[in-house]
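Student: Here you go, one structure.
What follows is calculated from the coordinates using simple rules that are stated; it is not laboratory data. Note that this is a predicted model, so its numbers are computed, not measured. All Cβ positions, even for glycine, are placed from backbone atoms using ideal geometry, and neighbour counts span all protein chains on display.
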Amino acid sequence: MASEARASGPGYGRGMKGALALAVLAVFLGSGVAGGAQPRWRTAAPVPLARTEVAAALFGKESGVLGGIVASGANSKRGDAYSPTRNRWRRLPDLPVSVHHAMAAGRGAELYVVGGYSAGSGPLATAYVLRRGRWVALLPMPAPRAAAGAAIVRDKLYVVGGVEAPGRLARDGFALDLKSLRWSLIAGPRPREHLGAAALGGRVYAVAGRTAGYDTNLDIVEAYEPAGNRWRAIPRVPGERGGTAAAAVAGRLVSAGGEEPAGTIRTVFAYNPAARRWTKLPNLPRPRHGLGLVGYHGRAYALAGGPQPGLTVSTSNQVLGLGR
């Protein structure tokens, strides 16, 4: 296992522990690409509970990590929030339902979690928002979804791709109007599950994914334009990947991790929409699938996930600075 910084208990921030934490935090916050330095991944405070197939999103100044599968194979209600500026975690209220392969997105201080699989069931249509410290149930989606992607553009939460029933890929997508809190149908990307999704430049990107097992990985990437309710193909990510994650970081679309028959995927790529070109970034030090990927102030945070294909879990929190 990769060595990881650990969140401390009582007295954190005082004496030697506090001095060490401040020094380590300064390294995290200075790990960008200023001065032409090659970016590299660094280890941050570990996720408090080891798990995989989590939902993760930025809300306010924190990254939420929600649900997932733990080492026993059970799914979890747990929610945790990570502060990049303090390099510390805090516990969130438990989700109303234990869930894995759910989707999450944030807007301001609000954190939305939709769908996923509950214990012993197919995909769920549930939708919740964390508001003022408690989970509030929203109108359910028009149909169940799991292993999909979610992103917010302006005042709408988009849910794209995924599974709508056991063995059946979704062909359409959903949009939740965050003012009226009502759902509508939208065009879906090419049907696939275990994809990455992110919002960048007023578009929703659907990155890679797979059609069944991890021997069916894809490299296709599509961008959704809300005004025209249409998807368009963009250059493919350099490497097929499913069980992957995506995030917008420093004006780029970052794709990280996944699993394939040869093992867990460590490669990371960034797409520049202006240049319409992918570039390779440093590999994940600890490759994972089922991870969360969150961008904050020019840094990518790779959270939790399985180090080997199948049911494996981790507490990994690795950060890569890309500039602002």
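Student: What whole-number distance in Å separates the alpha-carbon centres of region 45-81 and region 166-208?
Tutor: 22
Student: Taking square-rooted eigenvalues a ≥ b ≥ c of the alpha carbon gyration tensor, is region 64-169 rounded, prolate or oblate, where a/c under 1.5 means rounded and, failing that, a/b exceeding b/c means prolate?
Tutor: Since a/c reaches 1.5 but b/c is at least a/b, the shape of region 64-169 is classed as oblate.
Student: What's the Cα-based Rg to Rh of the chain, Rh via Kirkwood?
Tutor: That ratio equals 0.94.
Student: Can you tell me how much longer the chain between Thr279 and Gln38 gets when fully stretched, taken as 0.36 nm per residue apart minus their C-alpha distance, in nm with one decimal?
Tutor: Gain on extension, Thr279 to Gln38, equals 85.4 nm.
Student: Enumerate lysine pairs in the chain that are 8 or more residues apart or on different chains, then count those whose Cα atoms are under 24 Å apart.
Tutor: Here the count comes out as 5.
Student: Between His297 and Leu181, what is the FRET efficiency for a Förster distance of 35 Å, r being their Cβ-Cβ separation, to the nearest 0.05?
Tutor: 0.75
Student: Sorted by mean Cβ packing within 10 Å, highest first, what order do the peptides 244-253, 42-51 take?
Tutor: 244-253, 42-51
Student: Going by how many other beta carbons lie within 10 Å of each one, how would you line up Lys179, Lys156, Lys280, fewest first?
Tutor: Starting with the residue having the fewest Cβ neighbours, the order is Lys179, Lys280, Lys156.
Student: Next up: What is the packing order of peptides 66-76, 303-313, 165-175, 289-299, taking the mean over residues of other C-beta atoms within 10 Å and listing the highest first?
Tutor: Highest to lowest by the protection proxy: 289-299, 303-313, 66-76, 165-175.
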